[in-house]
1. Pick the calculated percent of Cα pairs over 41 Å apart for this structure from (i) 23; (ii) 15; (iii) 27?
2. For a quick check: with amide H placed at 1.01 Å from N, whose amide H comes under 5 Å from V421's, ignoring anything fewer than 5 positions away on the same chain?
3. Tell me the net charge near I395. Cut-off is 10 Å between Cβ atoms, I395 excluded, with +1 for each Lys or Arg and -1 for each Asp or Glu.
4. Treat each spin label as a single point 7 Å out from the Cα along the C-beta direction, and report the S209 to H399 distance in nm.
5. Would you mind checking the pairs K182/K253; K75/K216; K249/K321; K249/K278; K182/K249; K167/K249 and listing those with alpha carbons more than 25 angstrom apart?
6. Can you tell which of P31, W104, F6 lies farthest toward the positive end of the dipole of the stretch 2-253, using +1 and -1 charges on the Cβ of basic and acidic side chains (Lys, Arg; Asp, Glu)?
7. Compute the distribution of all C-alpha to C-alpha distances in the stretch 213-347, in bins of 5 Å from 0, and list the percent of pairs in each, rounded to whole numbers.
8. Determine ³J(HN,Hα), in whole Hz, for all residues of the stretch 414-426 in sequence, where each value follows from phi through the Karplus function 6.51 cos²θ - 1.76 cosθ + 1.60 and θ = phi - 60°; x replaces Gly and Pro.
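Since every read-out is calculated from the coordinates, none of them should be taken as a lab result. On a predicted model such as this, the values are computed, not experimentally measured, just so you know. All Cβ positions, glycine included, derive from the backbone under ideal geometry; neighbour counts span all protein chains shown.
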Amino acid sequence: MILKYFYDSRLAQASYMVGCAQTGEALVIDPARDITPYLDAARAEDLRITHVTETHIHADFVSGVRELAAATGAKLYLSDMGDADWKYAFADSDTVLLHDGDSWMVGNICIEALHTPGHTPEHLCFQITDTAGANKPMGIFTGDCLFVGTVGRPDLLEEAAGIANTKEPGARQQFQNMQRLKTLPDYLQIWPGHGAGSACGKGLGAIPSTTLGYEKLFNPAFQFTDETEFVHWLLDGQPEAPRYFGQMKRVNKIGPALLKEINAPQHLPPVALPLLLKDALIIDTRPTEAFAQQHAPGTINIPTTSNNASTWAGWYVDFNKPTYFIAEETEVPEVVNMLRAIGVDNLPGYFTPDAVNGYTGKITTIMPLAAADLMQSGAYLLDVRWMDEYQTDHIPGAHHIPLGHIPTRIAELPTETPLIVQCGGGVRSQVVASLLQRRGFTNILNLSGGIDAWKRAGLPIEFN
């Protein structure tokens, strides 16, 4: 058996290829929209991608199952569990619809579907057995049911898709999943769908895989015997659900457009920039230092150097309107992939950095000691970190609004006093500072180095 692991660090998303060396057949599980890595890996291993599946209708990225099946002729295997709201609209007569206990062969490898609702109603895990040398399973691809150190959140249907009264029933289903997994052998390897940094759960571990026995010992989800206590634990403290998650659910249920059907963005001349600045969203992907020194006011700085760039963009884009961007010519393919990974397909054009020549936009940074003095004089400190970060510790007097909630809570911010924006290290705060500039704020300062620099300066911190 051949097992290949793929990981998108921007989305903390894992996908897998399982191949049979004897027959040359391969299955890809939870593919991303950019299918190049799977095609390259199959060629390198002398495999044919003959089967494609996914654990559930994803909320955090555009699925690549349709793209990969179209490119390779592979058979699609998709969940038919859950209610009518969570059936795949693009499944056709050639699609194999899966139910709990269904199995199929990929060469000598047996794949068995386990229905594990909770994260989503249709969620499946896939247990694999290499029948060429064993009659018992080796491991389970657990998708968003079980992660390293935690389990998948059950509240996304309610928080992102707007389906009321689903998070508590989902949490109870996750409890039942844990009881089912407890009965399985400890030696089973666990290959999860996400790693640390994903918004699909809280407290995800950073290592790529684990064993069921280890999780039984140390994963908090396995320590509960009371269902109600488990539900309270699971629903408490989940990270903010990015705004674009609801859009991803719709796209992945209906079926994303094939990439060959989407027009490539065109290189636009600098004279077009001022014409678009007033109404269009223009993302400047240059590093924070370059943007702070010079940019076109009205553009939003989301540097591609950050692993979280896709998620930040997903908070701010309007999927009903075109999005433009500024990037070096050599980085355009990366930016396009980054945005298309979260369904931003309406990309009519882009600018290269020379388009900002002549503009005088700046983001002024302020050092921690100077920020502390300015706060004493009445400056407003805006902490844009996530809730769990703020609850761990924060600067005394800070006003907390997470990065993704700024557009809907912007009326809470003062316009007359200096506004210092602060995050963990100074990048997210610049993203927000550029958004505030776009909304007409003028007296904005970015706390250099964020709360990390504040601590290094020996300034006071409050702990919850």
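1. (i)
2. L382, L445, N446, L447
3. Counting the neighbours of I395, the net charge comes to -2.
4. Here the answer is 5.0 nm between the modelled labels.
5. Beyond 25 Å: K182/K253; K75/K216; K249/K278; K182/K249.
6. Checking the options against the dipole of the stretch 2-253, the answer is F6.
7. Bin by bin from 0 Å, the calculated values are 2, 8, 16, 17, 15, 10, 9, 7, 6, 5, 3, 1, 0.
8. x, 10, 9, 9, x, 10, 9, 9, 9, 9, x, x, x
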